[in-house]
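Below is one structure, written out as structure tokens; comments come after it.
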Amino acid sequence: MDIIVCVKHVPDTTEAEVVIREDQRGIKTEDLPYVINEWDEYAIEEAILMKERLGGTVVAVTVGPEEAEATLRRCLAKGADWAMRIWDEGLEEADGFAIAKVLHAAIKDMKYDLILTGTQAGDDGYAVVGVALAELLGIPHAALVKKIELKDGSAVVHRELEGGLEEVVEVRLPAVFTIQTGINEPRYVSIMGIKRARKKELRVVSLSDLGLTVDEVLQSSWLTIKRMYVPPPKKQAVIIQGSPADVAAQIVEILKSKGLM
Amino acid sequence: MRDIFVLAEHRKGEIRDITFEMLSKGWELAEQAGGTLTAVLLGHNVDEHASKLAEYAKKVLVVDNPLLENFNAELYQQALAHIIKEHKPTLLMMGHTGFGMDLAPALAVQLGLPLATDCIDLCLDGGRLLVTRQMYGGKVNVEAAVRVAETYLVTVRSASFEAKEGVSAGGEIVHVDVPIQEVDYKRFVQYVEPPKGEVDITAADIIVSVGRGIREEKNLPLIEELAKALGGVVACSRPIVDKGWLPKDRQVGSSGKTVRPKLYIAIGISGAFQHVLGMKDSEMIIAINKDPKAPIFSVADYGVVDDLFKVVPELTKKIQEAKGG
Ligand SMILES: Cc1cc2nc3c(=O)[nH]c(=O)nc-3n(C[C@H](O)[C@H](O)[C@H](O)COP(=O)(O)OP(=O)(O)OC[C@H]3O[C@@H](n4cnc5c(N)ncnc54)[C@H](O)[C@@H]3O)c2cc1C
């Protein structure tokens, strides 16, 4: 099984304050911690589990600046064989489709049985790259995959729908599956893994190496960001203030007054 | 004058809510643009659905074909590509759902049309489409312009638009014959229902729900004790189920359960829209989160901005005292 996994290095904004840039077309990223996209962490794990069972290779590919190598190194430390980073300064503005075009140019002549991506990226939430890539490559796909059973030349996959319902489909390989969280238990990175990763190849590729120009990639973008702003709250919660003990006492009063206790 | 198309989403004999939400928005956009609203219905033996949709749209385009009985992105893509080429609508909306996420990007690439995903608002301005969507887990709204095209494709987030009552549109039902070829590379096998657990959280009056803020599995008893003191049940956000700390039947949200208890306490939950979809209609919501900017505070009635590890034990204690005394 030769598997390509597309991964993204993203800012983790769950607990951080998000500050919008002056030009309103992006956020300030300098002070934010960066991590591997949550969905991709499950995708790389799934690929490595398959490789451990069946042999073959796992390649991690990202479109991102030099800092994104941290995410590729993480994939290498977990067991990917080699990694590729594609970048050009102009790609800052790229949307999901533009990224899919770049990945397509990089992947189309590689050897693979399976391509995995995350269902979406936690930062922009487009949920576009995997399915668009499949269509560009002319191979089948399944999105939101929560279980993969490999058969001879095909895979039976469970797609997650609303309410926890799953749809089972059989898909011929090679195919692209976009992975949903919870499909496996991502492993921790071991010290041994980190050591071994240092010796693994991390290839850096430019757009011109792929025969592309920034302009043509960006022109194909579907979206242009005009303005970012903090969403106006639909409703603003009454904030209960005070020490934990005070707060607890106030909540008890509220619950009593509503007949909830 | 060109048209707004809405792809009806239905599954196992039911039209899904997102369809009516999109039809409401579609009606509004069509009126503004001086166009008409068309519902597109792909399926098999779907006459009842067609009559229902005719209350909401001026026209219902029906492709009735046994191959379309169950959702299969490849076959739906063939049918939609044909319809779009033939009718050239200004806009085709579908749900940002398990269905739309599998279908829309491939359709857009095939037809060379731009797609805006997960939109919470849309605005047609002359020939341009402006969309509003969210980034960074709901902490930022983004207005984006879609590349100018003859037809725009969008996927719409659930519960972004209110589903209004049918306008008795008296829509004309038009059956169209679209060539669809069976494909051998992707085949629907079956649906698998989620396992039924031992606790039905949808029946509970009081839910104490825990998210990733709890950090480690060994901290869960903190939440269980609070739930016990209140006589409620424990539920959770998705990451807690993904990690295997609680069973799937405890998950609240779009891919879990929808709950409407009298009291929902969200602890260490950020308030991603997929979670909010499952709990926003609770009668009272209290959120405990140390991040004052967490989106959960814009759906909660009461909020506590503090460390859950300090607040929750105090709260449990005070409730036990109040109940004991
Ligand atoms: C197709 C799809 C379907 C999905 N379905 C669902 C679903 O059904 N249900 C669901 O929940 N999610 C669902 N998700 C995932 C969703 O997008 C979010 O990733 C998830 O809801 C985040 O869970 P969380 O709030 O627990 O974690 P996080 O977003 O990581 O938030 C943790 C919160 O805890 C707070 N916190 C941390 N430490 C403390 C502390 N000591 N004291 C107080 N607060 C603290 C942080 O400030 C943060 O706000 C789905 C996603 C996709 C793509």
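Facing chain A (nearest Cβ under 10 Å) and either at pLDDT 95 or above or in contact with a helix residue (DSSP H, G or I) (Cβ under 6 Å, 6 or more places away or on another chain) (or both) - does that describe any residue in segment B:59-71? No, segment B:59-71 contains no residue that is facing chain A (nearest Cβ under 10 Å) and either at pLDDT 95 or above or in contact with a helix residue (DSSP H, G or I) (Cβ under 6 Å, 6 or more places away or on another chain) (or both). Taking segment A:106-125 as the range and being assigned to a helix (DSSP H, G or I) and among the small types (Gly, Ala, Ser) as the test, only A:Ala106 passes. Checked against (1) away from chain B (no Cβ under 11 Å); (2) assigned to a strand (DSSP E or B); (3) closer than 28 Å to A:Ile225 by Cα, A:Leu103 passes all but condition (2). Looking across segment B:195-215, the residues that are open to solvent by 90 Å² or more (accessible area, probe 1.4 Å) and either within 14 Å of the ligand (Cβ to nearest atom) or more than 14 Å from chain A (Cβ to nearest Cβ) (or both) come down to B:Glu198, B:Arg212, B:Arg215. Does B:Ile223 meet the test of being at pLDDT 95 or above, more than 13 Å from chain A (Cβ to nearest Cβ), crowded, with 18+ Cβ neighbours inside 10 Å and in contact with a strand residue (DSSP E or B) (Cβ under 6 Å, 6 or more places away or on another chain)? Answer is yes for this residue. Looking only at residues in segment B:296-307 that are near the ligand (Cβ under 9 Å from one of its atoms) and crowded, with 24+ Cβ neighbours inside 10 Å, the one that is nearest to the other protein chains (Cβ to nearest Cβ) is B:Val304. Counting only residues that are open to solvent by 70 Å² or more (accessible area, probe 1.4 Å), more than 25 Å from B:Gly271 (Cβ to Cβ) and in a loop (DSSP other than H, G, I, E, B), segment A:26-56 holds 1 of them. In the condition set (1) near the ligand (Cβ under 9 Å from one of its atoms); (2) at positive phi; (3) surrounded by fewer than 24 Cβ atoms within 10 Å (Cβ to Cβ), B:Pro239 is compliant with all but (2). Within segment B:140-167, the set of residues being facing chain A (nearest Cβ under 10 Å), open to solvent by 10 Å² or more (accessible area, probe 1.4 Å), touching a strand residue (DSSP E or B) at 6+ places or on another chain (Cβ under 6 Å) and within 16 Å of the ligand (Cβ to nearest atom) comprises B:Arg157 only. Looking across segment A:212-261, the residues that are in a loop (DSSP other than H, G, I, E, B), closer than 20 Å to B:Ala227 by Cβ and facing chain B (nearest Cβ under 7 Å) come down to A:Ile240, A:Lys258, A:Leu260, A:Met261.
The single condition among (1) away from the ligand (no atom under 11 Å from the Cβ); (2) buried (at least 24 other Cβ atoms within 10 Å of the Cβ); (3) at the interface with chain A (Cβ under 8 Å from one of its Cβ atoms) that B:Gly244 does not meet is (2).
Of the helices (runs of 4 or more DSSP H) lying entirely inside segment B:179-298, the ones with 2 or more residues being more than 25 Å from A:Pro233 (Cα to Cα) and in contact (Cβ under 8 Å) with a residue 40 or more places away in the chain are found at B:220-230.
Just wondering, is there one or more residues in segment B:315-325 that are closer than 19 Å to B:Val233 by Cβ and near the ligand (Cβ under 9 Å from one of its atoms)? There is no residue in segment B:315-325 that is closer than 19 Å to B:Val233 by Cβ and near the ligand (Cβ under 9 Å from one of its atoms).
The C-beta contact set for segment B:16-34 (first residue free of Cβ contacts under 8 Å to residues at least 60 places away in the same chain, second residue of a type in the set (A, V, I, L, M), distance under 8 angstrom, 6+ apart or interchain) comprises B:Ala30/B:Ile4; B:Ala30/B:Leu37; B:Gly34/B:Met1.
Kindly provide the set of residues from segment B:252-270 that are facing chain A (nearest Cβ under 7 Å) and within 7 Å of the ligand (Cβ to nearest atom), ordered by number. Matches in segment B:252-270: B:Ser254, B:Ser255, B:Gly256, B:Ser270.
The values are calculated or read from the model by the stated rules, or taken from the named source; none is laboratory data. Source: prediction; values computed, not measured. Ideal geometry is used to build each Cβ from the backbone, glycine not excepted, and the neighbour counts take in all protein chains shown. All accessible areas refer to the heavy atoms of the entire protein, side chains included, with ligands and DNA or RNA removed. Shrake-Rupley method; radii C 1.70, N 1.55, O 1.52, S 1.80 Å.
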